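One structure is given here, and the rest of the page talks about it.
Just so it is clear, none of the values below were taken in a lab; they were calculated from the coordinates. Just so it is clear, the model here is predicted, and its values are computed rather than measured. For neighbour counting, all protein chains shown are included, and Cβ atoms are generated from backbone atoms with ideal geometry for every residue, glycine included.
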């Protein structure tokens with residue numbers, strides 16, 4: 001094991017800050033077996049943001065060009081958290097420079113780029129480098145508990161799945177145009193939050209076989225150009241000039257999985273729902289549901305309950321549930337967990353793999369770039385279904 005590992009984050013926006021905070025906290029979780037983690041650089045093309053974020057999270061410096069990170073021999077681990085269309089160039093450059101890379105999802109906004117990135121990751125693996133994609137919700141104890149209920153048979157045979165991810169960051173027509181609103185079909189709400197919902201559906205229901213009923217809708221077709229820098233979902237001052245929105249505000253589709261069928265729906269214009277990810281699975285012996293609104297609990301219904309009290313019961317997550325013991329400073333039931341915590345667990349898992357800690361002694365590994373490509377293949381099938389008026393489209397993964 002290395003005596004220390006240098007870390008950098010490329011992208012200082014909303015998710016970039018989550019990665020920066022996660023690396024800072026990762027050594028405080030579970031057993032203290034990690035090498036020293038050196039917080040080296042925050043890189044962002046917008047200098048004021050890079051400077052502020054580096055100071056805020058205790059990184060030694062800031063950079064305004066990702067190439068400075070690639071060229072620094074003191075940096076071993078890099079998170080890439082920028083616009084999806086920029087992922088390929090940066091990731092390939094970092095791997096060529098000998099860095100271990102954790103790329104934010106989705107892997108890219110095109111299948112061609114994602115497959116090229118997976119090829120680069122495969123070549124880099126031969127040189128001992130690790131490239132992973134961040135599927136952060138797989139770290140949620142509630143989702144893992146539902147998977148346990150499925151695997152141990154307590155829910156019986158799965159009958160169907162319902163999932164939605166509603167957000168409202170785009171519900172105001174005066175929200176300025178940014179990269180999030182410009183891209184190919186399927187790179188809007190589907191690519192942003194649907195990329196989460198789709199991998200979670202597969203995690204619970206098994207591999208997807210086909211999709212149907214794909215439908216996209218762009219509710220706000222143009223947005224004002226900003227007068228300054230757009231960071232995350234901030235609004236700020238805008239000009240009179242407007243630009244077209246080229247991707248989806250809303251998407252819905254049906255899917256057939258190995259274990260059941262399901263319906264999935266995503267939106268970025270659902271007013272009053274800032275971050276509403278809700279999953280529900282129905283089986284022959286009961287049902288279970290989880291929501292990001294109350295992530296520290298799972299609701300479970302089992303048919304073996306007495307008839308006069310049958311229905312959902314609320315289960316507070318605690319040490320009896322997956323990923324919980326040692327995962328927080330206070331790992332007692334009812335303390336509460338949130339989405340930021342999932343990034344910390346993700347960073348911890350990635351560092352453990354880079355540090356060479358055996359799989360049996362680590363958190364579950366982060367997903368591979370091949371998994372990231374499959375995620376985009378899934379979403380591409382939805383886009384094809386929508387383009388064909390809702391037709392059934394098989395999801396066939398290419399060999400990686």
Exercise. For the modelled label position 7 Å from the Cα of residue 222 along Cα-to-Cβ, which residues of the range 242-256 have backbone nitrogen atoms closer than 13 Å?
Worked result: 242-246
Exercise. How big is the equivalent ellipsoid of the range 4-137 along its three axes, where each semi-axis is √(5λ) from the Cα gyration tensor, reported in whole Å from largest to smallest?
Worked result: 22, 18, 14
Problem set entry | Stokes-Einstein D for the range 296-382, Kirkwood Rh over Cα pairs, 25 °C, 0.890 mPa s (µm²/s) | 152
For this session: Just grab the label-to-label distance for residue 61 and residue 361, each label 7 Å out from Cα along the Cβ direction, in nm (one decimal).
Result: 3.4
Exercise. From largest to smallest, what semi-axes in whole angstrom does the range 73-165 give when each is the square root of 5 times an eigenvalue of its alpha carbon gyration tensor?
Worked result: 33, 15, 12
Problem set entry | Antiparallel DSSP beta bridges within the chain, percent to nearest 5 | 60
Problem set entry | Distance between modelled label sites at residue 308 and residue 151, nm, 7 Å Cα→Cβ extension | 3.9
For this session: Post the alpha-carbon centroid distance, the range 41-90 to the range 239-284, in whole angstrom.
Result: 31
Problem set entry | Spacing of the two label points (7 Å from each Cα toward its C-beta) at residue 119 and residue 28, in nm | 4.4
Seminar exercise, completed: From fewest to most C-beta neighbours within 10 Å, the residues 276, 44, 174, 109 line up as 174, 276, 109, 44
Problem set entry | Cβ-based exposure ranking for 166, 328, 290, in which fewest neighbours within 10 Å come first | 328, 166, 290
Seminar exercise, completed: Exposure-ranked with fewest Cβ neighbours within 10 Å first, 7, 281 stand as 281, 7
